[in-house]
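S.K.: The structure under discussion is supplied below as structure tokens; questions concerning it will follow.
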Amino acid sequence: MFTKFLTKNKDNFYLAFRVIIGLVFLLHGIMKIELLMGGKISLISLMGLAMIIESIGGVMLILGLFTRTVASIGILEMLVALFTQHFPRGANPLFNGGEPAVLFLAAFLVLATHGAGKCAISKS
């Protein structure tokens with residue numbers, strides 16, 4: 001019975017997934033905007049680029065605008081974050097601070113393969 005409920009509402013659950021991932025990605029970008037305003041990061045740096053990708057990309061994911069493209073860029077960003085910021089501190093994401101990057105990477109793989117779903121501005 002629960003499986004039937006899940007199957008019937010899978011599009012709604014996927015919409016919630018896309019919006020939640022977009023919102024959390026946007027919040028990561030907003031956190032970096034605060035660091036930029038506080039002078040702790042530079043706009044012309046990897047963190048500055050991450051801030052732009054996360055802020056704009058988060059809004060685009062929430063709206064379902066160019067979802068596959070945004071997710072693909074997010075995959076690249078997470079790979080760069082893992083290899084430049086986290087793996088030098090060890091291979092285990094639980095100990096090197098890379099757990100959010102790994103989870104975002106997995107979410108972006110799903111979004112890149114499944115696209116925007118319902119209630120999206122564009123179907124890509």
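A short reminder: the numbers here are calculations on the coordinates, not readings from a lab. The model shown is predicted, which means the values in this text are computed figures rather than measured ones. Cβ: placed from backbone, ideal geometry, glycine included. Neighbour counts: every protein chain shown.
S.K.: Cα centroids of the range 1-51 and the range 74-100: how far apart, whole angstrom?
M.R.: Value for the Cα centre distance between the two parts: 17 Å.
S.K.: Give the order of H28, H114, H86 when sorted by the count of other beta carbons within 10 angstrom, beginning with the fewest.
M.R.: Lowest to highest Cβ neighbour count: H114, H28, H86.
S.K.: Based on the mean of other beta carbon atoms within 10 Å per residue, what is the order of 78-85, 64-71, 16-23, 4-11, most packed first?
M.R.: Top to bottom by mean Cβ count within 10 Å: 64-71, 16-23, 78-85, 4-11.
S.K.: Under the 0.36 nm per residue contour assumption, what length would be gained going from the current alpha-carbon distance of C119 and L23 to full extension?
M.R.: Separation in residues times 0.36 nm, less the Cα-Cα distance, equals 33.0 nm.
S.K.: If you take all C-alpha pairs in the chain, what percent of them are over 21 Å apart?
M.R.: 43 percent
S.K.: Do the sum for the chain: with -39,500 (n - 2.57) for every DSSP H run of n ≥ 4, divided by all residues, what is the mean residue ellipticity at 222 nm, to the nearest 500 deg cm²/dmol?
M.R.: -23000 deg cm²/dmol, from helical runs alone.
S.K.: Follow-up question, since we're still on this one. Longer than 31 Å from Cα to Cα, which of K4/K32; K32/K123; K4/K118; K10/K40 are they? Say none if no pair is.
M.R.: Correct reply: K4/K32; K10/K40.
S.K.: Can you pull the Rg over Rh of the range 52-124, Cα-only, Kirkwood?
M.R.: Checking Rg against Rh, the ratio lands at 1.05.
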